[in-house]
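Report on one structure; see the data block that follows.
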Amino acid sequence: MRFTKDHEWVALDGDIATVGITAYAAEQLGDVVFVEVPDIGKTLKQGDDMAVVESVKAASDVYAPVSGEVVEANAALGEAPDTVNAAPEAGGWFAKIKVSDPSQVEALMDRAAYETFLQTL
């Protein structure tokens, strides 16, 4: 698993990246009440707005940590947005992206680097 400074995570399986927000981000948001996932077939560039997550505290954009095409979206989050809080780095994933540039994944932080980054916040 790799991480961004915007608190997204990426788990790569072949050329498919599963993307979500980190446990830290979910905790900061509080109770998630609404999630808008990207449309299947949407082409994203690294850093593009990919999804929206709304909580009792705030609405936040989720940014694409890698470039590629959305091949699957977690539609279940529409019915159960609290899954983002319950399992942010598992069942609370937002989308699966067919990665167009695998080097973008390698450039992200590993868990140890992300944990060190969190200590600076």
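Read-outs: derived from the displayed coordinates by stated rules, not from any lab. Computed from a prediction, not measured in an experiment: that's the story for all the values here. Neighbour counts are summed over all protein chains in view; Cβ atoms, including those assigned to glycine, are modelled from backbone coordinates with ideal geometry.
Across the Cα atoms of region 1-71, what radius of gyration and what greatest pairwise Cα-Cα distance (Dmax) are found, in Å?
Expressed in Å, the Cα Rg and Dmax of region 1-71 come to 12.0, 36.
Whose amide H sits under 5 Å from the amide H of G92, counting only residues 5 or more places off or on another chain, with H placed in the peptide plane?
Hits under the 5 Å cutoff: A87.
Quick check on packing: order 74-82, 22-30 by the mean number of other C-beta atoms within 10 Å, highest mean leading.
In descending order of packing, they fall as 22-30, 74-82.
Toward the positive end of the charge dipole of the chain, about the Cα centre and with charges on Cβ (Lys, Arg +1; Asp, Glu -1), which of I21, S55, T116 goes farthest?
T116
List the pair-distance distribution P(r) of the chain, using every Cα-Cα distance, as the percent of pairs falling in each 5 Å bin from 0 up to the bin containing the longest distance, rounded to whole percents.
Here the calculated profile for the chain is 2, 13, 24, 25, 20, 12, 3, 0.
Be a star and scan region 36-78 for residues whose amide nitrogen sits under 12 Å from the point 7 Å along the Cα-to-Cβ vector of D15.
Hits in region 36-78 for D15 at 12 Å: 68-69.
So between M109 and V33, what do we pick up on full extension, going 0.36 nm a residue minus the alpha carbon distance?
Stretched out fully, the M109 to V33 stretch lengthens by 24.5 nm.
Per-residue HN-Hα couplings for region 28-40, Karplus 6.51 cos²θ - 1.76 cosθ + 1.60 at θ = phi - 60°, whole Hz, x for Gly and Pro?
Values, residue by residue: 5, 5, x, 5, 6, 10, 7, 9, 10, 8, x, 6, 4 Hz.
Residue separation times 0.36 nm, minus the C-alpha to C-alpha distance between K57 and A90: what's the value? Show your work: numbers first, answer last.
Values: separation 33, 0.36 × 33 = 11.88 nm, distance 2.26 nm.
Separation in residues times 0.36 nm, less the Cα-Cα distance, equals 9.6 nm.
Just report the Cα centroid separation between region 78-97 and region 10-38, whole Å.
Between the Cα centre of region 78-97 and that of region 10-38, the gap is 6 Å.
Mind checking which of A86, A95, A58 has the largest fluctuation in a GNM of the chain, springs on alpha carbons under 10 Å?
A58
If you place +1 on the Cβ of every Lys and Arg, -1 on the Cβ of every Asp and Glu, and leave all else neutral, what size is the dipole of the chain about its Cα centre, to the nearest 20 Debye? The partial results should precede the final answer.
Working: 8 positive and 21 negative charges, 36 e Å.
The calculated dipole for the chain is roughly 180 debye.
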